[in-house]
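Asker: Structure in C-alpha cells, see below.
Quick note: the coordinates plus some simple rules give every number you see, no bench work behind them. Only a predicted model underlies this, so the values are computations on that prediction, with no experimental measurement involved. Every residue, glycine among them, receives a Cβ derived from its backbone with ideal geometry; neighbour counts consider all protein chains shown.
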C-alpha cells in the first residue's frame, strides 16, 4: 500500500476514531489531541501495518495504547514518594480545589473546633497538621503508631461532625 493510499484510508477512519477518542476521554479537547496523536503515530509507523488486515482495529489499538500511556504518565506525575522509614505513598492533587475547607470555613473557625477537641485527639491531630509523620508523633507522644492513627482518625471524624453542625 502506498503512503497516499494509506493516508486516504486513514482519513476515512477519522470520524470513527474521533468518536472512539471522545468515548475514552469524555472531553472534546482531549479527544482532539488524542485523535491527532493517533493519526500521527499511525502515519509514522505505516510501514509496520500488515496489508490485508483491519486498519480500523490497528488504529483503535494505537489510540487505546496512547490513552493508557498518557493516563499512567499523569498518575505518575501526581504521585509523590515519601522516602521515610514508614514508606507511605502520598497521592495528592497539587491543584487547590475551590471547595477547600479553608475557603468554606474561616481559619479561626477551624482552629476553634480543633482546640475544642479532647487533648488525646487534639495533640496528635495538630502535630499531623504541622507536618509530623505518624512515626514521629508516636515517638514524641510515647504512643503506639496504631494508637496515633486511630486518634487522628477520630479527630477527623469529630471535626467533620462539628463542621456539618455549623451548616
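Asker: Stretch residue 153-residue 135 to full length: gain in nm at 0.36 nm per residue minus the Cα-Cα span? Don't jump to the answer; show the numbers that get you there.
Answerer: Numbers: separation 18, 0.36 × 18 = 6.48 nm, distance 1.51 nm.
Gain in length upon complete extension: 5.0 nm.
Asker: FRET efficiency for residue 56 and residue 76, Cβ-Cβ distance as r, R0 = 22 Å, nearest 0.05?
Answerer: Taking R0 as 22 Å, the efficiency between residue 56 and residue 76 is 0.10.
Asker: Test of understanding: extend the Cα→C-beta vector of residue 32 to 7 Å, then name every residue of region 4-19 with backbone N under 20 Å from that spot.
Answerer: Only 11-19 pass the distance filter.
Asker: Order of 133-143, 47-57 by packing, highest average Cβ count within 10 Å first?
Answerer: So the order, starting with the most tightly packed, is 133-143, 47-57.
Asker: Another question, then. How much length would be gained if the chain were fully extended between residue 162 and residue 145, taking 0.36 nm per residue of separation minus their Cα-Cα distance, in nm to one decimal?
Answerer: That pair, residue 162 and residue 145, stretches by 3.6 nm at full extension.
Asker: Then there's this: Would you work out if region 6-85 is rounded, prolate or oblate? Take a ≥ b ≥ c from the square roots of the eigenvalues of the alpha-carbon gyration tensor; rounded if a/c is under 1.5, else prolate when a/b is larger than b/c, oblate otherwise.
Answerer: prolate
Asker: By average Cβ neighbour count within 10 Å, what is the ranking of 153-163, 3-13, 29-39 from highest down?
Answerer: Descending packing order for the listed peptides: 29-39, 153-163, 3-13.
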